[in-house]
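Working notes, beginning with the structure itself.
The values are calculated or read from the model by the stated rules, or taken from the named source; none is laboratory data. Just so it is clear, the structure is predicted and the values come from calculations on it, not from any experiment. No Cβ is skipped: glycine too gets one built from the backbone with ideal geometry, and neighbour counts run over all protein chains shown.
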Amino acid sequence: MDLNNEVLENPIATNIEPMIKLTFTVNEEQYEIQTSPTEKLIHILREQLNLAGTKISCGIGRCGACSVLLDGELVNACLVMAYQVNGKSITTIEGIGGVTFDEVQEAFLTEGGFQCGYCTSGMIIAVKYLLALNPTPTETDIKEALAGNLCRCTGYGGIIRSVQSLSAKNGGI
Amino acid sequence: MANQVDSWNVKSPIILIPTTIEKAIELKKQYGSEAEFVSGATLLQLQWMNGRNIPDYLISLEQITELKSVQFDLQKGELSIGAITPLGSYLTNTILKEFPIICNALTTIAAPGVRNRGTIGGNIMGGIGDLIPFLLALNAKLVFQDEKQVNEMMAWDWLNQSTNKGQLLTYILIPLDKDILENYTFYRKIGRRETFTAAILTVSGKIKWDESSNIVDVKIAIGGGDNKPLRLEKTEQFIIGKKGEELDWKTIYSVITQEFIAAEDAFVTSNYRKKVAANLIVAELQSQFSQSGNNRGVKL
(Lines give C-alpha, C1' and ligand atoms only; values in the text may rest on other atoms or scores of the structure.)
Protein backbone atom coordinates (compact mmCIF):
# COMPACT_ATOMS: atom_id res chain seq x y z
CA MET A 1 0.00 0.00 0.00
CA ASP A 2 1.22 3.44 -0.86
CA LEU A 3 2.10 5.27 2.35
CA ASN A 4 0.10 8.26 1.20
CA ASN A 5 -3.03 6.11 1.15
CA GLU A 6 -2.02 4.52 4.38
CA VAL A 7 -1.70 7.94 5.96
CA LEU A 8 -5.11 8.92 4.70
CA GLU A 9 -6.66 5.83 6.22
CA ASN A 10 -4.63 5.86 9.38
CA PRO A 11 -6.27 7.76 12.24
CA ILE A 12 -2.90 8.71 13.77
CA ALA A 13 -1.93 10.84 10.78
CA THR A 14 -3.68 12.95 8.22
CA ASN A 15 -2.52 13.87 4.76
CA ILE A 16 -3.32 17.28 3.31
CA GLU A 17 -3.16 17.67 -0.48
CA PRO A 18 -1.56 20.78 -2.05
CA MET A 19 -4.95 22.53 -2.20
CA ILE A 20 -6.71 22.04 1.07
CA LYS A 21 -10.01 22.84 2.66
CA LEU A 22 -9.59 24.75 5.87
CA THR A 23 -12.13 25.12 8.61
CA PHE A 24 -11.44 27.70 11.28
CA THR A 25 -13.06 30.40 13.34
CA VAL A 26 -12.32 34.09 12.98
CA ASN A 27 -13.84 36.47 15.50
CA GLU A 28 -16.31 33.76 16.53
CA GLU A 29 -17.53 33.19 12.97
CA GLN A 30 -16.75 29.89 11.28
CA TYR A 31 -15.14 29.87 7.84
CA GLU A 32 -14.35 27.15 5.33
CA ILE A 33 -11.99 28.05 2.51
CA GLN A 34 -9.85 26.30 -0.07
CA THR A 35 -6.24 27.37 -0.34
CA SER A 36 -2.63 26.29 -0.58
CA PRO A 37 -1.41 24.73 2.69
CA THR A 38 1.49 27.19 2.87
CA GLU A 39 -0.57 30.30 2.14
CA LYS A 40 0.05 32.96 4.77
CA LEU A 41 -2.64 33.65 7.33
CA ILE A 42 -2.21 37.37 6.72
CA HIS A 43 -3.20 36.94 3.05
CA ILE A 44 -6.15 34.73 3.96
CA LEU A 45 -7.44 37.34 6.39
CA ARG A 46 -6.95 40.36 4.18
CA GLU A 47 -7.62 38.99 0.72
CA GLN A 48 -9.99 36.04 1.14
CA LEU A 49 -11.96 37.18 4.18
CA ASN A 50 -11.73 40.93 3.58
CA LEU A 51 -10.59 41.49 7.14
CA ALA A 52 -8.13 44.25 6.28
CA GLY A 53 -7.87 45.66 9.80
CA THR A 54 -4.86 43.43 10.29
CA LYS A 55 -2.01 45.22 8.52
CA ILE A 56 0.90 43.78 6.59
CA SER A 57 4.29 45.41 6.59
CA CYS A 58 7.60 43.56 6.87
CA GLY A 59 6.24 40.09 6.10
CA ILE A 60 9.03 38.41 8.09
CA GLY A 61 7.93 38.61 11.72
CA ARG A 62 9.90 41.72 12.61
CA CYS A 63 7.32 44.52 12.87
CA GLY A 64 4.20 43.04 14.51
CA ALA A 65 1.77 44.95 12.27
CA CYS A 66 0.00 41.67 11.45
CA SER A 67 -0.40 40.49 15.07
CA VAL A 68 -3.47 38.36 15.76
CA LEU A 69 -4.46 35.91 18.48
CA LEU A 70 -4.36 32.24 17.50
CA ASP A 71 -6.18 30.13 20.09
CA GLY A 72 -5.56 33.03 22.47
CA GLU A 73 -1.83 33.32 21.77
CA LEU A 74 -0.14 36.29 20.15
CA VAL A 75 1.27 35.41 16.70
CA ASN A 76 2.49 37.17 13.59
CA ALA A 77 0.00 36.31 10.83
CA CYS A 78 2.78 36.66 8.25
CA LEU A 79 4.56 33.62 9.73
CA VAL A 80 1.56 31.33 10.17
CA MET A 81 0.72 29.02 7.29
CA ALA A 82 -2.78 27.94 6.29
CA TYR A 83 -2.48 24.33 7.40
CA GLN A 84 -1.41 25.55 10.83
CA VAL A 85 -4.76 27.26 11.50
CA ASN A 86 -7.00 24.37 10.53
CA GLY A 87 -9.55 23.87 13.31
CA LYS A 88 -8.28 26.83 15.28
CA SER A 89 -9.72 30.08 16.53
CA ILE A 90 -8.39 33.48 15.46
CA THR A 91 -9.09 36.90 16.87
CA THR A 92 -8.27 39.92 14.72
CA ILE A 93 -8.69 43.62 15.44
CA GLU A 94 -12.22 43.35 13.98
CA GLY A 95 -13.04 40.99 16.85
CA ILE A 96 -11.98 43.48 19.51
CA GLY A 97 -14.71 45.71 20.85
CA GLY A 98 -18.17 45.95 19.29
CA VAL A 99 -20.84 48.58 19.60
CA THR A 100 -18.57 50.29 22.11
CA PHE A 101 -14.80 50.34 22.17
CA ASP A 102 -12.84 47.71 24.04
CA GLU A 103 -10.99 49.12 27.05
CA VAL A 104 -7.65 48.89 25.22
CA GLN A 105 -9.01 50.84 22.25
CA GLU A 106 -10.48 53.37 24.66
CA ALA A 107 -7.15 53.77 26.43
CA PHE A 108 -5.31 54.30 23.13
CA LEU A 109 -7.82 57.03 22.23
CA THR A 110 -7.69 58.69 25.63
CA GLU A 111 -3.92 58.63 26.02
CA GLY A 112 -2.94 59.39 22.42
CA GLY A 113 -1.67 55.87 21.79
CA PHE A 114 -1.63 56.15 18.02
CA GLN A 115 -0.44 58.53 15.33
CA CYS A 116 -0.75 57.33 11.73
CA GLY A 117 -2.52 54.24 13.04
CA TYR A 118 -0.76 51.63 10.91
CA CYS A 119 0.74 49.79 13.87
CA THR A 120 -2.31 50.28 16.07
CA SER A 121 -4.16 47.06 15.18
CA GLY A 122 -1.13 44.95 16.01
CA MET A 123 -0.36 47.00 19.11
CA ILE A 124 -3.87 46.56 20.49
CA ILE A 125 -3.78 42.80 19.88
CA ALA A 126 -0.38 42.58 21.61
CA VAL A 127 -1.71 44.59 24.57
CA LYS A 128 -4.77 42.31 24.83
CA TYR A 129 -2.38 39.34 25.05
CA LEU A 130 -0.20 41.08 27.63
CA LEU A 131 -3.15 41.98 29.87
CA ALA A 132 -4.54 38.44 29.62
CA LEU A 133 -1.26 37.15 31.06
CA ASN A 134 -0.54 40.06 33.37
CA PRO A 135 -3.32 42.55 34.21
CA THR A 136 -0.93 44.87 36.05
CA PRO A 137 2.20 45.17 33.90
CA THR A 138 5.02 47.52 34.85
CA GLU A 139 6.69 49.77 32.28
CA THR A 140 9.40 47.12 31.87
CA ASP A 141 6.76 44.44 31.28
CA ILE A 142 5.04 46.66 28.71
CA LYS A 143 8.26 47.36 26.81
CA GLU A 144 9.11 43.66 26.78
CA ALA A 145 5.62 42.65 25.60
CA LEU A 146 5.56 45.25 22.82
CA ALA A 147 9.17 44.71 21.71
CA GLY A 148 7.96 42.97 18.55
CA ASN A 149 5.57 45.77 17.52
CA LEU A 150 7.23 48.64 15.72
CA CYS A 151 5.74 52.13 15.37
CA ARG A 152 7.28 54.00 12.47
CA CYS A 153 5.98 57.27 13.95
CA THR A 154 7.96 56.37 17.09
CA GLY A 155 4.89 57.17 19.14
CA TYR A 156 5.87 54.80 21.89
CA GLY A 157 5.32 57.30 24.71
CA GLY A 158 1.58 57.46 24.13
CA ILE A 159 1.34 53.70 23.64
CA ILE A 160 3.16 52.93 26.87
CA ARG A 161 1.05 55.54 28.68
CA SER A 162 -2.11 53.86 27.34
CA VAL A 163 -1.11 50.48 28.74
CA GLN A 164 0.04 52.02 32.02
CA SER A 165 -3.41 53.55 32.44
CA LEU A 166 -4.97 50.09 32.05
CA SER A 167 -2.47 48.60 34.46
CA ALA A 168 -3.33 51.29 37.02
CA LYS A 169 -7.02 50.64 36.50
CA ASN A 170 -6.35 46.98 37.33
CA GLY A 171 -4.51 47.87 40.52
CA GLY A 172 -0.97 48.13 39.16
CA ILE A 173 1.48 50.94 39.75
CA MET B 1 7.89 41.19 0.27
CA ALA B 2 4.47 40.02 -0.79
CA ASN B 3 5.89 38.96 -4.16
CA GLN B 4 8.56 36.90 -2.44
CA VAL B 5 5.90 35.20 -0.36
CA ASP B 6 3.89 34.41 -3.47
CA SER B 7 6.92 33.08 -5.32
CA TRP B 8 7.65 30.32 -2.81
CA ASN B 9 4.00 29.67 -2.36
CA VAL B 10 3.73 28.55 -6.01
CA LYS B 11 5.06 25.18 -5.02
CA SER B 12 2.76 23.53 -2.51
CA PRO B 13 4.25 20.75 -0.46
CA ILE B 14 2.14 17.94 0.92
CA ILE B 15 1.68 18.33 4.64
CA LEU B 16 1.88 15.18 6.75
CA ILE B 17 0.64 15.54 10.31
CA PRO B 18 1.54 12.55 12.49
CA THR B 19 0.49 12.44 16.13
CA THR B 20 3.25 10.19 17.43
CA ILE B 21 7.06 10.26 17.29
CA GLU B 22 7.08 6.79 15.75
CA LYS B 23 4.78 7.81 12.91
CA ALA B 24 6.84 10.94 12.22
CA ILE B 25 9.97 8.82 11.96
CA GLU B 26 8.20 6.32 9.72
CA LEU B 27 7.16 9.12 7.37
CA LYS B 28 10.70 10.50 7.28
CA LYS B 29 12.05 7.05 6.44
CA GLN B 30 9.49 6.74 3.64
CA TYR B 31 10.15 10.12 2.01
CA GLY B 32 13.82 10.60 2.90
CA SER B 33 15.38 13.82 1.68
CA GLU B 34 12.12 14.87 0.03
CA ALA B 35 10.65 15.45 3.49
CA GLU B 36 11.56 17.83 6.28
CA PHE B 37 10.41 17.98 9.89
CA VAL B 38 8.70 21.27 10.78
CA SER B 39 6.82 22.69 13.72
CA GLY B 40 6.35 26.45 13.95
CA ALA B 41 8.54 26.82 10.84
CA THR B 42 9.21 30.50 11.61
CA LEU B 43 12.85 30.25 10.53
CA LEU B 44 12.21 27.84 7.67
CA GLN B 45 9.66 30.18 6.10
CA LEU B 46 12.24 32.97 6.01
CA GLN B 47 14.75 30.59 4.42
CA TRP B 48 12.21 29.55 1.78
CA MET B 49 11.58 33.23 1.01
CA ASN B 50 15.33 33.62 0.54
CA GLY B 51 15.41 30.89 -2.08
CA ARG B 52 15.97 27.69 -0.15
CA ASN B 53 14.05 24.84 -1.77
CA ILE B 54 10.79 23.84 -0.15
CA PRO B 55 10.74 20.07 0.27
CA ASP B 56 7.98 18.05 -1.39
CA TYR B 57 6.71 16.93 1.99
CA LEU B 58 6.55 18.72 5.31
CA ILE B 59 6.21 16.45 8.33
CA SER B 60 4.49 18.72 10.84
CA LEU B 61 5.31 17.82 14.44
CA GLU B 62 2.77 20.18 15.96
CA GLN B 63 0.31 17.43 16.92
CA ILE B 64 2.87 15.33 18.79
CA THR B 65 1.98 16.56 22.25
CA GLU B 66 4.69 14.62 24.07
CA LEU B 67 7.30 16.74 22.27
CA LYS B 68 5.89 19.82 24.02
CA SER B 69 6.50 18.48 27.51
CA VAL B 70 8.85 20.07 30.03
CA GLN B 71 9.82 17.83 32.93
CA PHE B 72 12.16 17.40 35.84
CA ASP B 73 13.95 14.10 36.11
CA LEU B 74 15.02 14.13 39.73
CA GLN B 75 16.86 10.80 39.48
CA LYS B 76 19.00 11.91 36.56
CA GLY B 77 19.17 15.49 37.74
CA GLU B 78 18.04 16.77 34.36
CA LEU B 79 15.58 19.22 32.94
CA SER B 80 13.98 17.68 29.86
CA ILE B 81 12.47 20.01 27.27
CA GLY B 82 10.49 18.62 24.34
CA ALA B 83 11.86 19.84 21.01
CA ILE B 84 8.66 21.55 19.87
CA THR B 85 8.21 23.47 23.11
CA PRO B 86 7.56 27.04 21.96
CA LEU B 87 10.24 29.59 22.85
CA GLY B 88 7.54 31.63 24.60
CA SER B 89 6.60 28.81 26.99
CA TYR B 90 8.59 30.44 29.79
CA LEU B 91 5.63 32.81 30.27
CA THR B 92 3.25 30.07 31.33
CA ASN B 93 5.26 26.92 32.05
CA THR B 94 5.64 26.51 35.81
CA ILE B 95 8.79 24.40 35.50
CA LEU B 96 10.64 26.77 33.17
CA LYS B 97 9.67 29.66 35.44
CA GLU B 98 11.83 28.03 38.13
CA PHE B 99 14.93 28.86 36.09
CA PRO B 100 15.22 32.63 35.56
CA ILE B 101 18.41 32.36 33.51
CA ILE B 102 16.69 30.05 31.01
CA CYS B 103 13.69 32.40 30.86
CA ASN B 104 15.99 35.38 30.37
CA ALA B 105 17.80 33.63 27.51
CA LEU B 106 14.50 32.79 25.81
CA THR B 107 13.30 36.40 26.05
CA THR B 108 16.21 37.52 23.86
CA ILE B 109 15.15 35.35 20.93
CA ALA B 110 12.86 36.92 18.31
CA ALA B 111 9.70 38.84 19.26
CA PRO B 112 6.88 37.74 21.59
CA GLY B 113 4.56 36.80 18.70
CA VAL B 114 7.29 34.77 16.98
CA ARG B 115 8.25 33.08 20.25
CA ASN B 116 4.74 31.65 20.49
CA ARG B 117 5.31 29.85 17.17
CA GLY B 118 9.06 29.22 17.02
CA THR B 119 10.31 26.25 19.01
CA ILE B 120 13.39 25.52 21.09
CA GLY B 121 14.22 22.56 18.82
CA GLY B 122 13.85 24.73 15.74
CA ASN B 123 16.24 27.31 17.16
CA ILE B 124 18.81 24.54 17.61
CA MET B 125 18.28 22.73 14.31
CA GLY B 126 18.57 25.99 12.40
CA GLY B 127 22.26 25.71 13.30
CA ILE B 128 22.84 29.36 14.20
CA GLY B 129 20.20 29.93 16.88
CA ASP B 130 20.85 32.26 19.78
CA LEU B 131 20.13 29.44 22.22
CA ILE B 132 22.97 27.19 21.03
CA PRO B 133 25.83 28.95 22.91
CA PHE B 134 23.72 28.81 26.07
CA LEU B 135 23.19 25.07 25.69
CA LEU B 136 26.91 24.55 25.01
CA ALA B 137 27.81 26.41 28.20
CA LEU B 138 25.33 24.34 30.20
CA ASN B 139 26.66 20.99 28.93
CA ALA B 140 23.25 20.27 27.45
CA LYS B 141 22.53 17.03 25.64
CA LEU B 142 20.33 16.50 22.59
CA VAL B 143 18.25 13.38 22.06
CA PHE B 144 17.73 12.23 18.47
CA GLN B 145 15.63 9.35 17.30
CA ASP B 146 15.27 7.35 14.11
CA GLU B 147 13.63 4.04 13.32
CA LYS B 148 16.60 2.13 14.73
CA GLN B 149 17.67 3.92 17.87
CA VAL B 150 17.51 6.76 20.34
CA ASN B 151 20.77 8.67 20.20
CA GLU B 152 21.74 10.93 23.10
CA MET B 153 24.71 13.21 22.56
CA MET B 154 26.33 16.34 23.94
CA ALA B 155 25.24 19.47 22.10
CA TRP B 156 28.93 20.20 21.54
CA ASP B 157 29.51 16.83 19.87
CA TRP B 158 26.38 17.25 17.73
CA LEU B 159 27.60 20.61 16.53
CA ASN B 160 30.95 19.15 15.48
CA GLN B 161 29.80 15.82 14.09
CA SER B 162 26.41 16.48 12.48
CA THR B 163 25.80 12.74 12.50
CA ASN B 164 22.09 13.10 13.08
CA LYS B 165 21.06 13.74 9.50
CA GLY B 166 17.49 12.57 9.04
CA GLN B 167 17.03 11.90 12.71
CA LEU B 168 14.34 13.63 14.71
CA LEU B 169 15.41 15.90 17.56
CA THR B 170 13.05 14.88 20.36
CA TYR B 171 14.36 16.34 23.62
CA ILE B 172 16.90 18.78 25.02
CA LEU B 173 18.40 17.68 28.34
CA ILE B 174 19.92 20.27 30.67
CA PRO B 175 21.84 19.24 33.83
CA LEU B 176 19.57 20.24 36.66
CA ASP B 177 21.91 21.79 39.21
CA LYS B 178 19.95 24.90 40.06
CA ASP B 179 22.86 26.37 41.99
CA ILE B 180 25.14 26.17 38.94
CA LEU B 181 22.44 27.35 36.56
CA GLU B 182 21.55 30.47 38.46
CA ASN B 183 24.81 31.41 40.18
CA TYR B 184 27.64 30.45 37.89
CA THR B 185 26.14 30.89 34.44
CA PHE B 186 25.79 33.92 32.18
CA TYR B 187 24.12 34.61 28.86
CA ARG B 188 24.28 37.85 26.89
CA LYS B 189 23.06 38.81 23.46
CA ILE B 190 24.24 41.90 21.62
CA GLY B 191 22.24 43.39 18.77
CA ARG B 192 21.76 46.75 17.11
CA ARG B 193 18.70 47.72 19.14
CA GLU B 194 17.93 47.61 22.84
CA THR B 195 14.94 45.32 22.41
CA PHE B 196 14.11 42.53 19.95
CA THR B 197 16.71 42.40 17.22
CA ALA B 198 18.87 40.02 15.25
CA ALA B 199 22.07 39.17 17.09
CA ILE B 200 25.49 40.59 16.35
CA LEU B 201 26.73 37.94 18.71
CA THR B 202 25.64 35.86 21.66
CA VAL B 203 27.96 34.73 24.46
CA SER B 204 27.33 32.32 27.26
CA GLY B 205 29.47 30.74 29.92
CA LYS B 206 29.72 28.92 33.17
CA ILE B 207 32.48 29.01 35.75
CA LYS B 208 32.74 27.25 39.07
CA TRP B 209 35.47 27.06 41.66
CA ASP B 210 35.99 25.01 44.82
CA GLU B 211 36.42 26.15 48.41
CA SER B 212 40.12 26.71 47.81
CA SER B 213 39.35 29.04 44.91
CA ASN B 214 40.53 26.51 42.31
CA ILE B 215 38.51 26.82 39.12
CA VAL B 216 37.09 23.34 38.61
CA ASP B 217 34.75 23.91 35.68
CA VAL B 218 34.55 26.47 32.92
CA LYS B 219 32.65 26.53 29.65
CA ILE B 220 32.58 29.52 27.28
CA ALA B 221 30.58 29.59 24.06
CA ILE B 222 29.87 32.13 21.33
CA GLY B 223 27.34 32.23 18.52
CA GLY B 224 24.50 34.39 17.28
CA GLY B 225 24.03 36.20 13.99
CA ASP B 226 26.32 34.85 11.31
CA ASN B 227 28.77 33.42 13.82
CA LYS B 228 28.98 29.67 13.74
CA PRO B 229 28.37 28.55 17.34
CA LEU B 230 31.53 27.37 19.01
CA ARG B 231 33.13 26.78 22.36
CA LEU B 232 36.33 28.64 23.18
CA GLU B 233 38.23 25.54 24.26
CA LYS B 234 41.67 27.18 24.29
CA THR B 235 40.37 29.94 26.52
CA GLU B 236 38.76 27.35 28.77
CA GLN B 237 42.03 25.45 29.02
CA PHE B 238 43.82 28.67 29.90
CA ILE B 239 41.45 29.28 32.82
CA ILE B 240 40.66 25.87 34.29
CA GLY B 241 42.77 24.62 37.18
CA LYS B 242 43.94 28.10 38.13
CA LYS B 243 43.00 29.88 41.31
CA GLY B 244 40.69 32.82 40.92
CA GLU B 245 43.33 35.27 42.10
CA GLU B 246 45.79 33.95 39.53
CA LEU B 247 43.65 34.93 36.59
CA ASP B 248 45.27 37.53 34.38
CA TRP B 249 42.28 39.16 32.72
CA LYS B 250 44.29 41.05 30.11
CA THR B 251 45.79 37.79 28.90
CA ILE B 252 42.38 36.09 28.94
CA TYR B 253 41.03 38.98 26.83
CA SER B 254 43.86 38.44 24.36
CA VAL B 255 43.33 34.66 24.23
CA ILE B 256 39.64 35.16 23.48
CA THR B 257 40.29 37.59 20.61
CA GLN B 258 42.83 35.19 19.13
CA GLU B 259 40.62 32.13 19.41
CA PHE B 260 37.27 33.56 18.31
CA ILE B 261 36.95 33.47 14.52
CA ALA B 262 34.26 36.11 14.14
CA ALA B 263 31.93 36.65 11.22
CA GLU B 264 32.11 39.88 9.24
CA ASP B 265 29.46 41.69 7.26
CA ALA B 266 28.83 45.11 5.73
CA PHE B 267 27.76 46.54 9.09
CA VAL B 268 29.95 44.84 11.69
CA THR B 269 33.61 43.97 11.32
CA SER B 270 35.19 40.82 12.63
CA ASN B 271 37.45 42.87 14.92
CA TYR B 272 34.46 44.63 16.46
CA ARG B 273 32.81 41.29 17.21
CA LYS B 274 36.05 39.98 18.76
CA LYS B 275 36.34 43.01 21.02
CA VAL B 276 32.70 42.87 22.06
CA ALA B 277 32.94 39.15 22.79
CA ALA B 278 36.14 39.51 24.82
CA ASN B 279 34.77 42.46 26.79
CA LEU B 280 31.53 40.66 27.57
CA ILE B 281 33.14 37.40 28.58
CA VAL B 282 35.79 38.99 30.78
CA ALA B 283 33.22 41.27 32.41
CA GLU B 284 30.83 38.40 33.06
CA LEU B 285 33.54 36.12 34.47
CA GLN B 286 34.74 38.92 36.74
CA SER B 287 31.17 39.48 37.81
CA GLN B 288 30.84 35.83 38.81
CA PHE B 289 33.75 36.30 41.22
CA SER B 290 32.57 39.62 42.59
CA GLN B 291 29.08 38.22 43.22
CA SER B 292 30.42 35.21 45.08
CA GLY B 293 30.32 37.12 48.37
CA ASN B 294 34.02 36.50 48.78
CA ASN B 295 36.60 38.86 47.37
CA ARG B 296 38.97 36.53 45.58
CA GLY B 297 41.44 39.21 44.63
CA VAL B 298 40.54 39.47 40.97
CA LYS B 299 43.60 40.77 39.11
CA LEU B 300 42.74 43.58 36.70
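At a glance:
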{"item": "Residue list for the range A:153-162, filter: closer than 23 Å to A:A77 by Cβ and either more than 14 Å from every other protein chain (Cβ to nearest Cβ) or buried (at least 23 other Cβ atoms within 10 Å of the Cβ) (or both)", "result": "A:C153, A:G155, A:I159, A:S162"}
{"item": "Any hit, the range B:46-55, residues being in a helix (DSSP H, G or I), at the interface with chain A (Cβ under 10 Å from one of its Cβ atoms), within 19 Å of the chain's Cα centre (by Cα) and buried (at least 18 other Cβ atoms within 10 Å of the Cβ)", "result": "no"}
{"item": "Single residue of the range A:50-65 satisfying the filter (among the hydrophobic types (A, V, I, L, M, F, W, C) and over 18 Å from B:W48 (Cβ atoms)) that is farthest from the other protein chains (Cβ to nearest Cβ)", "result": "A:L51"}
{"item": "Residue within the range A:36-47 that is surrounded by fewer than 20 Cβ atoms within 10 Å (Cβ to Cβ), of a type in the set (V, I, T) and modelled with pLDDT under 95 present", "result": "no"}
{"item": "Contacts under 7 angstrom Cβ, first residue in the range B:55-75 being under 15 Å from B:A41 (Cα atoms), partner assigned to a helix (DSSP H, G or I) and of a type in the set (K, R), 6 or more apart", "result": "B:I59/B:K28"}
{"item": "Qualifying residue in the range A:83-94 (condition: among the aliphatic types (A, V, I, L, M), crowded, with 18+ Cβ neighbours inside 10 Å, within 14 Å of A:A126 (Cα to Cα) and more than 8 Å from chain B (Cβ to nearest Cβ))", "result": "yes"}
{"item": "Residue within the range B:163-178 that is more than 14 Å from chain A (Cβ to nearest Cβ), of a type outside the set (F, W, Y), outside any strand (DSSP E or B) and within 13 Å of the chain's Cα centre (by Cα) present", "result": "no"}
{"item": "Condition broken by A:Y118, with the remaining ones in (1) under 17 Å from A:G53 (Cβ atoms); (2) within 14 Å of chain B (Cβ to nearest Cβ); (3) surrounded by fewer than 21 Cβ atoms within 10 Å (Cβ to Cβ) satisfied", "result": "(2)"}
{"item": "Options B:K208, B:K219, B:K189, B:K234: the member that is free of Cβ contacts under 8 Å to residues at least 40 places away in the same chain, part of a strand (DSSP E or B), over 17 Å from B:G122 (Cα atoms) and touching an Asp or Glu at 6+ places or on another chain (Cβ under 9 Å)", "result": "B:K208"}
{"item": "Counted residues, the range B:253-275 - those being of a type in the set (A, V, I, L, M) and at pLDDT 95 or above", "result": "2"}
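Matching residues to (1) modelled with pLDDT under 95; (2) small (G, A, S):
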{"position": "A:N15", "(1), (2)": "yes, no"}
{"position": "A:D71", "(1), (2)": "no, no"}
{"position": "A:G87", "(1), (2)": "no, yes"}
{"position": "A:I90", "(1), (2)": "no, no"}
{"position": "A:G98", "(1), (2)": "yes, yes"}
{"position": "A:L109", "(1), (2)": "no, no"}
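Per-residue answers, yes or no, for (1) β-branched (V, I, T); (2) touching a Ser or Thr at 6+ places or on another chain (Cβ under 7 Å); (3) under 10 Å from A:V163 (Cα atoms):
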position: A:V99; (1), (2), (3): yes, no, no
position: A:D102; (1), (2), (3): no, no, no
position: A:F114; (1), (2), (3): no, yes, no
position: A:Y129; (1), (2), (3): no, no, no
position: A:T136; (1), (2), (3): yes, yes, yes
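Table: residues versus (1) within 14 Å of another protein chain (Cβ to nearest Cβ); (2) over 18 Å from B:I64 (Cβ atoms); (3) touching a residue at least 12 places away in the same chain (Cβ under 8 Å).
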site: B:G88; (1), (2), (3): yes, yes, yes
site: B:F99; (1), (2), (3): no, yes, yes
site: B:N104; (1), (2), (3): yes, yes, yes
site: B:G113; (1), (2), (3): yes, yes, no
site: B:T119; (1), (2), (3): yes, no, yes
site: B:I128; (1), (2), (3): no, yes, yes
site: B:F134; (1), (2), (3): no, yes, yes
site: B:M154; (1), (2), (3): no, yes, yes
